[in-house]
Amino acid sequence: MNLLTNITILLTSIFYIGVGIKHFLNPDWFLIIIPPYLESISIELVYISGFFEISLGFLILFPKYRKIAGYGIILLLLAVYPANIYLAFNKEAQELIGISQFMALWVRLPIQFVLMFIAYSITEEKNKIIILSFIANFVILLFIPYPINVIIFIILLIIFLYALFTN
């Protein structure tokens, strides 16, 4: 496994563990985007999804569990997709969490599929495509604050070029 793949796995793990922890530290943020038809079990859904995000985020660090964790993340992303759809089309929810309709509809919804693709890409340890790892890392960088993301991007670009020309 090359360095870029390892970085992808590590950043993916950090992302899901971080978001999972946010479910417990700030559940109200997630309650806002739960569709009305799920309101009766909304807090339970927030905690359950947070638990799975943390658990799967840890599991992808271990090669023995990486495949099942990757597929688990895909299933989790599919399970929470109705909340993202609700957010994309609900002006009140957008205002309450401070996101524009453009970001909710044209960024947040499609990025769920990119996250599924990243999760799928880390399930296979053989025949890693270097470009796939770079793209996955670039997408993850979108969630890391400036200027840290720029520094990491430069490091990844150097690793990418090195891996591209040495393999």
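A short reminder: the numbers here are calculations on the coordinates, not readings from a lab. Keep in mind that what you see is a predicted model, and the values were worked out from it rather than measured.
Brief remarks follow.
- Net lengthening on full extension, Leu157/Phe117 (0.36 nm per residue, minus Cα-Cα): 12.4 nm
- Computed from the alpha carbon atoms alone, the convex hull of the range 21-85 holds 72 Å³ per residue.
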